[in-house]
Every structure is written in structure tokens, then in C-alpha cells.
């Protein structure tokens, strides 16, 4: 079990194996970042469930699975705001919200492990197909480059590939959350492949 402050955000999913830049301006989250920097620099980013608007200033409902990571770069601005860069390293399942006297929310969570029962090597063909489809999609959108292709081809671990591609190219918040919650990497590959195929057909129609 781990105890983490949470940063609830609408429409944003924080995947492991990715980097997330954030501008921190609300007082409660400026306090959270200050406290994190004084401790272990770790926090979780969690999505707000639909209908959060009415209770945003309080404790609106959040999803049960979040992305957790470490603040690896930060800049404290003269206004008291922060620019930070988070590096995602794991999924966590939120077990309970803890009572606290801080302005921000704190949870008890467990680290969720990827499930690859058949081994990563068995998933190599599916991983290659997902990478190739992603490159075709980026080309159709005019976002391809040799640097992007090298970056995508350099990742061969199917868990890393799915997380990085989902973070970079999947726009739908509900699908992103679904992919975050899918621990079985084979199923995550299958779902991502179907989504990329749909996006490619739309981009080339």
C-alpha cells in the first residue's frame, strides 16, 4: 500500500512510461506540490468522473484507477504558481480517501501490476502491428517524422508501447481511462489496435 496526494483533473489520463507537464495555479495544488517537493516528490493524477462540475471545489467523485509518478522537474514562479514535469511509473488502485487537514486530498492506494501471463515475446506481433498502425495514423495527420518513428520503434515492451501510444494519440477520455484500467496487456493491445484502426479510417476517409 502507498499513501499519495491526488491531483484530480477532468479529461486527463496519466499513463505510466510517459511524461506530463503541468501548470499548477490553484492554491490547494500549489500547497500539494510544495509538500510533495519536501517529501518524496510523488503524487497521483486521477480523472474526475462525469458530473464533477457542481462539486469541483469540494471532493467530486474520481475514478478508482489513477496514474502515479514523480515530479522530476519543477519551477516555482514569482506568483507562487509552479510548472512541473511528472514522470509516470505505475498504475494505482485507490482503496480509500484518508482524512487530512491539508487543502488537497490524500488516498491510500495499491500499486497495480501489468498482467502478461504468456510473456512479452508472445505479444511481439501484436505490438508491432500497433506501432505500425500508429505510424500510419501519424503520417495521415501530418505528424510523422524520422525522430517520432525512431522513438516508437525503440520501445518493444508491449506494456510500454500501449501506454505511450494511448497517451499520445487516443483523444477520447473514456477510452483513455479504459486503457488505463486494463491491466491485461494482451487485452490492452487488442483494444488499442481497434481504436487506432478506427482513427486511421477516419483520418483517411
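Provide 127, 162 in ascending order of the number of other Cβ atoms located within 10 Å of each residue's Cβ, fewest first. Before the final figure, lay out each step's value.
On the way: 127 23, 162 30.
Least to most surrounded, the residues fall as 127, 162.
Using a Gaussian network model of the chain whose springs link C-alpha atoms within less than 10 Å, name the residue from 146, 158, 171 with the highest mean-square fluctuation.
Highest fluctuation of the listed residues: 146.
Taking R0 as 30 Å, what FRET efficiency do you get between residue 38 and residue 168 from their Cβ-Cβ distance, rounded to the nearest 0.05? Each step should come with its number before you reach the end.
On the way: r = 32 Å, r/R0 = 1.07.
After rounding, the FRET efficiency stands at 0.40.
Could you give the length gained on full extension between residue 141 and residue 64, defined as 0.36 nm per residue of separation minus the Cα-Cα distance, in nm? Provide the component values of the computation, followed by the final result.
Details: separation 77, 0.36 × 77 = 27.72 nm, distance 3.32 nm.
Separation in residues times 0.36 nm, less the Cα-Cα distance, equals 24.4 nm.
I'd like the orientation of helix 185-204 relative to the chain: the angle between its Cα long axis and the longest Cα principal axis, in ° from 0 to 90, rounded to 10.
For helix 185-204, the angle is close to 70 degrees.
State whether the stretch 2-112 is rounded, prolate or oblate according to the following rule on the C-alpha gyration tensor (a ≥ b ≥ c being the square roots of its eigenvalues): a/c under 1.5 gives rounded; otherwise a/b larger than b/c gives prolate, and the remaining case gives oblate.
Working: a/c = 1.40, a/b = 1.15, b/c = 1.22.
Rounded.
Can you compute the modelled spin-label distance between residue 115 and residue 76, with each label point 7 Å from Cα toward Cβ, in nm?
According to this spin-label approximation, the distance is 4.4 nm.
Springs between alpha-carbon pairs under 10 angstrom, Gaussian network model over the chain: which of 102, 131, 79 fluctuates most?
79
Compute the FRET efficiency between residue 184 and residue 132 as 1/(1 + (r/R0)^6), taking r as their Cβ-Cβ distance and R0 = 30 Å, and round to the nearest 0.05. It would help to have the intermediate numbers written out before the result.
On the way: r = 22 Å, r/R0 = 0.73.
Calculated transfer efficiency: 0.85.
With the Cα gyration tensor of the stretch 120-204 giving a ≥ b ≥ c as the square roots of its eigenvalues, does the rule (a/c under 1.5 for rounded; else a/b larger than b/c for prolate; else oblate) give rounded, prolate or oblate?
Values: a/c = 1.71, a/b = 1.16, b/c = 1.47.
Since a/c reaches 1.5 but b/c is at least a/b, the shape of the stretch 120-204 is classed as oblate.
Please compute the Kirkwood hydrodynamic radius over the stretch 74-137, one decimal place, Å, based on all pairs of different Cα atoms. Present the calculation step by step, with values, prior to reporting the outcome.
Working: mean 1/r = 0.0604 Å⁻¹.
Over the stretch 74-137, the inverse of the mean reciprocal pair distance is 16.6 Å.
Can you put 29, 63 in order of Cβ neighbours within 10 angstrom, beginning with the fewest?
Numbers: 29 22, 63 16.
Ordered by Cβ neighbours within 10 Å, fewest first: 63, 29.
Exposure proxy check: 70, 178 ranked by fewest other beta carbons within 10 Å? Present the calculation step by step, with values, prior to reporting the outcome.
On the way: 70 14, 178 18.
Least to most surrounded, the residues fall as 70, 178.
Along the Cα→Cβ direction, 7 angstrom out, place labels at residue 87 and residue 25. What is the inter-label distance in nm?
Taking the simple label geometry, residue 87 and residue 25 are separated by 2.9 nm.
Where a number appears in this text, it was derived from the coordinates with a stated rule and is not lab data. These numbers were taken from a predicted model, which means no experiment stands behind them. Positions of Cβ are backbone-derived with ideal geometry, glycine not excepted, and every protein chain shown enters the neighbour counts.
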